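Trainee: Dumping the structure here so I can ask a few things about it.
The values are calculated or read from the model by the stated rules, or taken from the named source; none is laboratory data. Predicted model only: the values in this text are computed from it and were never measured. Cβ atoms come from the backbone with ideal geometry, glycine included; neighbour counts cover every protein chain shown.
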Amino acid sequence: MPQGKGTGAVHTRGNLVRFLRNGNTGNLTVSVVGNGPISADDRRTIDSSQVVVRFNDCNYLKAGEKTTLRVVRHPSAWSPKINVHAPIWHVAPNVGMAPDSAEVFTPVYEAQYGSDNQLPDTSRVFPNCNCGSSCLERSRFAGPSTGAVALSQLQQIPEVSTIRVFGMNWNGDADVHIDFANRTMVHGCCTKCIFYRTASNRYGSEIAATTVGVFSVGGVIFFALSGVGARKLLKPRPDAERPLLGLK
């Protein structure tokens, strides 16, 4: 019987492996596709993969392309532009931020949530890596990026032998995530990973703002953002509320 979060357990491993298996046998090769730019050659390689993991709004996904599992970070929970028919791997500071139906959940420590974090403030990504304070999740207010959380978990799963990483370049705001502050950390710690160069140095479609001001001129509402690393402003969709701070 599927385990929902109501069991109170952090049950990433068993259910995650079940979803990754998806009929596959033997050791797994997983393609992890971030929200950075990818090439046509990347798309062909990704679509031929056993297992494909994507993130949040899947902003470079095209209709018909393979997705085995989608990782969603809460409370941001950005929605895709097109329907993604895949189970969801939920990531949040505590299990209460994930839906009651969540079958796969991984906690992440975000300093901005203080005592509301489920994990202790000593938590690290890539716990078996000799990365010093770089891997300490509390080192930045939003902890590790969702990509770093997923790669850290996959690195620790024996059934996963190879991780092919696309659309990740760690060129986001160094003040937001620990793996953006130390851009070589994931490369050094994820020994199962093969990293494919992104099609450009842009970092996805992101809004990372520390301060947001709202004002009106002639009946038109404007947003003033400070501390911003913004590449593309996404219009809100009626199917989901957009937080002022979107973290990926």
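Trainee: When you scan the range 77-101, how many residues do you find that are surrounded by fewer than 22 Cβ atoms within 10 Å (Cβ to Cβ), under 19 Å from PHE141 (Cβ atoms) and either touching a residue at least 24 places away in the same chain (Cβ under 8 Å) or hydroxyl-bearing (Ser, Thr, Tyr) (or both)?
Mentor: Counting residues in the range 77-101 that are surrounded by fewer than 22 Cβ atoms within 10 Å (Cβ to Cβ), under 19 Å from PHE141 (Cβ atoms) and either touching a residue at least 24 places away in the same chain (Cβ under 8 Å) or hydroxyl-bearing (Ser, Thr, Tyr) (or both) gives 2.
Trainee: From the list SER101, SER123, SER115, pick out the single residue that is over 16 Å from the mean Cα position of the chain (by Cα), of a type in the set (Gly, Ala, Ser) and within 18 Å of PHE19 (Cβ to Cβ).
Mentor: Details: SER123 fails: within 18 Å of PHE19 (Cβ to Cβ); SER115 fails: within 18 Å of PHE19 (Cβ to Cβ).
Just a single option satisfies the conditions, and that option is SER101.
Trainee: Cβ-Cβ below 6 Å, separation at least six or inter-chain, first residue in the range 110-137 and of a type in the set (Lys, Arg), second crowded, with 18+ Cβ neighbours inside 10 Å: which pairs?
Mentor: From the range 110-137, the pairs are ARG124/CYS135; ARG124/LEU136.
Trainee: Then there's this: Kindly list the number of the only condition in (1) surrounded by fewer than 22 Cβ atoms within 10 Å (Cβ to Cβ); (2) touching a Ser or Thr at 6+ places or on another chain (Cβ under 8 Å); (3) at pLDDT 95 or above; (4) of a type outside the set (S, T, N, Q) that fails for TYR113.
Mentor: All conditions are met except number (2).
Trainee: On the basis of being charged (D, E, K, R) and closer than 26 Å to ILE178 by Cβ, does ARG73 make the cut?
Mentor: Values: charged (D, E, K, R): yes; closer than 26 Å to ILE178 by Cβ: yes.
Answer is yes for this residue.
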